[in-house]
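One structure is given here, and the rest of the page talks about it.
The values are calculated or read from the model by the stated rules, or taken from the named source; none is laboratory data. Given the structure is predicted, the values throughout are model-derived calculations rather than measurements. Ideal geometry is used to build each Cβ from the backbone, glycine not excepted, and the neighbour counts take in all protein chains shown. We work out accessible area using only protein heavy atoms, side chains counted, and drop any ligands, DNA or RNA first. Shrake-Rupley method; radii C 1.70, N 1.55, O 1.52, S 1.80 Å.
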Amino acid sequence: MKLAKNLGIATIAATIFVTAIGANPTQAALVNYGFTVNATSGDNPGQYFGSFQYDDSTLTNTGLETLGVENGLAVAFNYLGTNYTEVDDTDFNSFPLISFNNGEVLGLSYFVADQFALGSEPNTPDVGGNKFFVIDQSVNTTQVGTVSYAKVPEPLAVGGTAIAGVMGLWMQRKKRATKVVVNCRK
């Protein structure tokens, strides 16, 4: 009986907690990604890291779609010890952008003059991709690597998983304790 009472209290507390920190309907649905550039050739081979964030509320998840800075796209990328953001893109306000195919991320289209470009191909800047290019004299592009993207888990999802795990361990411990008491009485 005591276990049922404690479980009921824990369930009510968890429900209140999730409701209290749940997303506000007027709040943007922000999605976070990390990306890794693996430069395998050129003058500066190595791995370089970045991230981007966007508001996915306008995505339809149908066909080819793009989101840009007007959709809250924010980019951070460290290349050769220099930090770059979306405002460093040569065509800021129109770029950078992120491309999707049926809701799946294709990649960024991000160009910083005389430095680098991320995208599909230099002649198709409206489609993001997974290629990394170095830029020389703002016109010469050479592919020197690839880009991989990974979604960053939402804190609420991580927290919910942790709470569920703790609850499961707690219930397992209580069940064992109950068995020990029953076995001692026999």
* Would you tally the residues in the stretch 71-84 being open to solvent by less than 50 Å² (accessible area, probe 1.4 Å) and not in a loop (DSSP other than H, G, I, E, B)? => 7
* Restricting the search to the stretch 62-85, which residues are under 18 Å from the mean Cα position of the chain (by Cα) and on the phi > 0 side of the Ramachandran plot? -> GLY72
* Asked: Taking the stretch 85-102, which residues are open to solvent by less than 40 Å² (accessible area, probe 1.4 Å) and either hydrophobic (A, V, I, L, M, F, W, C) or over 15 Å from LEU118 (Cβ atoms) (or both)?
  -> PHE95, LEU97, ILE98, PHE100
